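Here is the structure we will look at, set down as structure tokens.
The values are calculated or read from the model by the stated rules, or taken from the named source; none is laboratory data. Keep in mind it's a predicted model, so treat the numbers as computed, not measured. Methodologically, a virtual Cβ is constructed for each residue, glycine included, from the backbone with ideal geometry; neighbour enumeration extends over all protein chains shown.
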Amino acid sequence: MTAAARGKRGRRFGQTIFYDWCKACGICIAFCPQQVFRANDQGKPLAARPEKCTGCGFCEIHCPDFAITIVECPELRRKEKSCDHDSLEGS
Ligand code: SF4
Ligand code: SF4
């Protein structure tokens, strides 16, 4: 799944989720200030509103399993296309 996003001043961010590491605690879903994530059928995060991500890093910092990485996608700022930073599907 590609999760591309546009933050403040046109900056865009990708949310990479390592599903094999995620234990579905829901912290990232509950506390993202932009409500970027919703839970999938396993309770793990899906980036439902990636364009709202500001790159604040809250999810990355507070995930107890280091299962989220936020990466700025400068290529998106220029080309306005999909981000290459994919979430990693797993269990
Ligand atoms: S970096 Fe901030 S805005 Fe983006 S998904 Fe994580 S908590 Fe939400
Ligand atoms: S905070 Fe980390 S472990 Fe918890 S649901 Fe989000 S990605 Fe999974």
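Which members of the stretch 12-28 meet the condition of being near ligand 2 (Cβ under 8 Å from one of its atoms) and under 10 Å from the mean Cα position of the chain (by Cα)? Result: Ile17, Cys28. Considering the conditions (1) surrounded by fewer than 17 Cβ atoms within 10 Å (Cβ to Cβ); (2) modelled with pLDDT under 95, His62 is excluded by exactly one of them, (2). Considering the stretch 41-55, and only residues there that are surrounded by fewer than 16 Cβ atoms within 10 Å (Cβ to Cβ) and modelled with pLDDT of 95 or more, the residue that is farthest from ligand 2 (Cβ to nearest atom) turns out to be Arg49. Could you give every pair whose Cβ atoms fall below 6 Å, whose first residue belongs to the stretch 43-54 and is in contact (Cβ under 8 Å) with a residue 24 or more places away in the chain, and whose second residue is assigned to a helix (DSSP H, G or I), counting only separations of at least 6 or pairs across chains? Note: pairs meeting the criteria are Pro45/Cys28; Pro45/Ile29; Thr54/Lys8.
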